[in-house]
Amino acid sequence: MYNLVGTNGTGKPALVGTQRILELPGAFIHLYGKKETRTGRKMGHITLVGSDAEQVDSALDIVKEYCSVEPLK
């Protein structure tokens, strides 16, 4: 599980990197429906499942690189 935590200020939340995450086999996005993001506020999480730890670790690296929750500008 990877926590989605707000970054870069306050505002209406935008999940960045969604398309890339949805392309990963075994990745599931869970958003909590909060109407405002703040730096450090937990907005949801991503669960990763796979046939072995190496596959899950590889997917986690991609999630960390591409996914964030930022305020709309």
Within segment 14-28, track down each residue that is surrounded by 14 or more Cβ atoms within 10 Å (Cβ to Cβ), within 11 Å of LEU48 (Cβ to Cβ) and not small (Gly, Ala, Ser).
ILE21, LEU24
Restricting the search to segment 50-64, which residues are closer than 16 Å to ARG20 by Cα and either touching a residue at least 40 places away in the same chain (Cβ under 8 Å) or of a type in the set (A, V, I, L, M, F, W, C) (or both)?
VAL56, ALA59, LEU60, ILE62, VAL63, LYS64
I'm checking my understanding of the structure. Among residues of segment 34-62 that are under 20 Å from PRO13 (Cα atoms) and of a type in the set (Gly, Ala, Ser), which one is surrounded by the fewest Cβ atoms within 10 Å (Cβ to Cβ)?
GLY40
Considering segment 17-30, residues that are more than 9 Å from the chain's Cα centre (by Cα) and outside any loop (DSSP other than H, G, I, E, B), and then whichever is nearest to GLY44 (Cα to Cα), we arrive at PHE28
Flag if LEU31 is of a type in the set (A, V, I, L, M, F, W, C), surrounded by fewer than 16 Cβ atoms within 10 Å (Cβ to Cβ) and within 19 Å of PRO71 (Cα to Cα)
yes
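All of the numbers you see were taken from the coordinates with simple rules; none came from a lab. Everything numeric here is computed off the predicted structure, so don't read it as measured data. Glycine gets a Cβ as well: all are built from the backbone with ideal geometry, and neighbour counts include every protein chain shown.
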